[in-house]
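A short write-up of the structure that comes next.
The values are calculated or read from the model by the stated rules, or taken from the named source; none is laboratory data. Owing to the predicted nature of the structure, the values given are computational and were not obtained by experimental measurement. Every residue, glycine as well, gets a Cβ built from its backbone with ideal geometry; the counts of neighbours run over all protein chains shown. Heads up: the accessible areas ignore ligands, DNA and RNA and are worked out on the full protein's heavy atoms, side chains in. Shrake-Rupley method; radii C 1.70, N 1.55, O 1.52, S 1.80 Å.
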Amino acid sequence: MDDKSLMQDLLLEAKGVCDLYMHGTIESATPDVHGTFGCALDESLKMQDDIYKKMMAQGWYPAENAEPSKIQKVKDKFCCG
């Protein structure tokens with residue numbers, strides 16, 4: 001497996017873990033459980049961001065800037081008056 005494929009797999013797994021921790025945080029019944037899941041989510045989000053940044057640096061996760069008019073259109077659609 002090449003480095004790009006490995007990083008793609010790591011990013012996919014990190015996103016899945018973030019999703020699980022987010023749901024654990026939302027569904028937790030006590031403050032202690034909520035806090036534990038919340039901390040785990042924060043750490044997982046940091047890992048996911050690190051992986052993403054490393055992929056971007058290698059050119060393996062290209063991103064395009066959104067056009068300002070499209071951004072404004074979405075803001076207009078979802079913004080409360």
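The single residue among 64, 43, 27 that is open to solvent by 80 Å² or more (accessible area, probe 1.4 Å), free of Cβ contacts under 8 Å to residues at least 40 places away in the same chain, of a type in the set (D, E, K, R) and under 23 Å from residue 5 (Cβ atoms) turns out to be 64.
Only one of the numbered conditions (1) under 14 Å from the mean Cα position of the chain (by Cα); (2) among the acidic types (Asp, Glu); (3) open to solvent by 80 Å² or more (accessible area, probe 1.4 Å) is violated by residue 76, and that is (1). For the range 1-11, a residue qualifies if it is in a helix (DSSP H, G or I) and loosely packed, with under 11 Cβ neighbours inside 10 Å, and the qualifying residues are 5, 6. Using the structure shown, decide if residue 14 is of a type in the set (Gly, Ala, Ser) and either open to solvent by 100 Å² or more (accessible area, probe 1.4 Å) or over 16 Å from the mean Cα position of the chain (by Cα) (or both). Spelling it out, it is not the case that residue 14 is of a type in the set (Gly, Ala, Ser) and either open to solvent by 100 Å² or more (accessible area, probe 1.4 Å) or over 16 Å from the mean Cα position of the chain (by Cα) (or both).
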